[in-house]
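Taking it in order: structure first as structure tokens, then the write-up.
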Amino acid sequence: MTDHGFEQHRTALREGRYLRVVNYHNTPHSMAGQLREELAAYAASFACVTLEDLDHFYATGEWRLDRPGFIPVFYEGYLNNATVAAPICDELGIVAWFPVITRFIDCPVPDQRAFAEAHHIDLVEEELAADRLAMTWDEVAAIAERHVVIPHTGSHEQIAKVRTAEDVEREILKPRRDVERVTGREAAAFVWLYGTPHGTSPDQDAAVRDAGYRYQISNTMIQRIACPFRAGASPRPVSRTCR
């Protein structure tokens, strides 16, 4: 990093911009070299951020890392997130976050392509001849040993379509139970389709908060959800997304 670049990061820390989140989706084998190079460059300039690091920051106001933070986020639960992205992160010593669509993982292998096409899950050509498209729960559990696994709704549903108690159970509550049961770890964060932030839809916000999630990841920030909720309280942002 140049002296100018380092000073920019120091300025960002002073201004309270502690964290950069980089969003990824499909990570096919053909892109492995590019992904490794890109992640290595981030790791050289930023510190990885764990759930414990975020909790410490919000509990104390202290940023205990020596550099601005970096979280690579791999969405959906693609098989190639387990076979390509996670091993590269392990090789580089990077802690990543994996928001998974739990019904995609539950989906029988012969039905995964149809499920993906019906639920806004983009596929790439080289995947289509693979034996399966989604991770198994065993692979999710293995990833959770070093990384953070959280729900990305049950079926990749957008916030406006989650209205009834049945919708909330399918998209918000059951995904958290499933992830925690498989990983043995708390599923502390939640992500909507399209990265909708907390604070835009009161009923859905309440459902996410009441489900026990502490964080919500959107397209522009990670928000700490007020708990217990206080009237007039606003979720506190800690990050800006840079990809």
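The values are calculated or read from the model by the stated rules, or taken from the named source; none is laboratory data. All of these numbers come straight from a predicted model, not from anything done at the bench. When we count neighbours, we look across all protein chains shown, and the Cβ atoms used for this are built from the backbone with ideal geometry, even at glycine. Ligands, DNA and RNA are stripped out before the accessible areas are found, and what is left, the full protein with its side chains, is counted by its heavy atoms. Shrake-Rupley method; radii C 1.70, N 1.55, O 1.52, S 1.80 Å.
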*Give region 177-190 a look and list any residue that's in a helix (DSSP H, G or I) and either at pLDDT below 95 or crowded, with 22+ Cβ neighbours inside 10 Å (or both), or say none.*
Val179
*Enumerate the pairs (first residue in region 40-54 and farther than 21 Å from Arg185 by Cβ; second residue anywhere and at pLDDT 95 or above) with beta-carbon separation below 6 Å, excluding pairs fewer than 6 apart on the same chain, so at least 6 apart or on different chains.*
Ala40/Leu92; Ala43/Leu92; Ala43/Ile94
*asked:* Given (1) open to solvent by less than 10 Å² (accessible area, probe 1.4 Å); (2) on the phi > 0 side of the Ramachandran plot; (3) not basic (Lys, Arg), identify the lone condition not met by Gly93.
replied: (1)
*Give me a count of the residues in region 40-60 that are open to solvent by less than 50 Å² (accessible area, probe 1.4 Å) and more than 30 Å from Leu128 (Cβ to Cβ).*
14
_Identity of the residue in region 61-77, outside any strand (DSSP E or B) and of a type in the set (Phe, Trp, Tyr), that ends up surrounded by the fewest Cβ atoms within 10 Å (Cβ to Cβ)_ = Trp63
*Just give me the residues in region 194-211 being modelled with pLDDT of 95 or more and either within 20 Å of Glu76 (Cβ to Cβ) or in a loop (DSSP other than H, G, I, E, B) (or both), in sequence order.*
Val208, Ala211
*Residues satisfying the stated conditions in region 212-226, i.e. under 13 Å from Val73 (Cβ atoms), open to solvent by less than 20 Å² (accessible area, probe 1.4 Å) and not hydroxyl-bearing (Ser, Thr, Tyr)*: Gln216, Ile217, Ile222
*Looking only at region 109-155, which residues are assigned to a helix (DSSP H, G or I), free of Cβ contacts under 8 Å to residues at least 60 places away in the same chain, small (Gly, Ala, Ser) and surrounded by fewer than 21 Cβ atoms within 10 Å (Cβ to Cβ)?*
Ala114, Ala118, Ala141, Ala144
*Would you be able to say whether some residue in region 76-92 is more than 17 Å from the chain's Cα centre (by Cα) and modelled with pLDDT under 95?*
no
*asked:* Out of everything in region 183-210 that is more than 17 Å from the chain's Cα centre (by Cα) and touching a residue at least 40 places away in the same chain (Cβ under 8 Å), what residue ends up being nearest to Ala144 (Cα to Cα)?
replied: Gly184
_Which count do you get for residues in region 166-175 that are more than 20 Å from Pro108 (Cα to Cα), touching a helix residue (DSSP H, G or I) at 6+ places or on another chain (Cβ under 9 Å) and open to solvent by 10 Å² or more (accessible area, probe 1.4 Å)?_
3
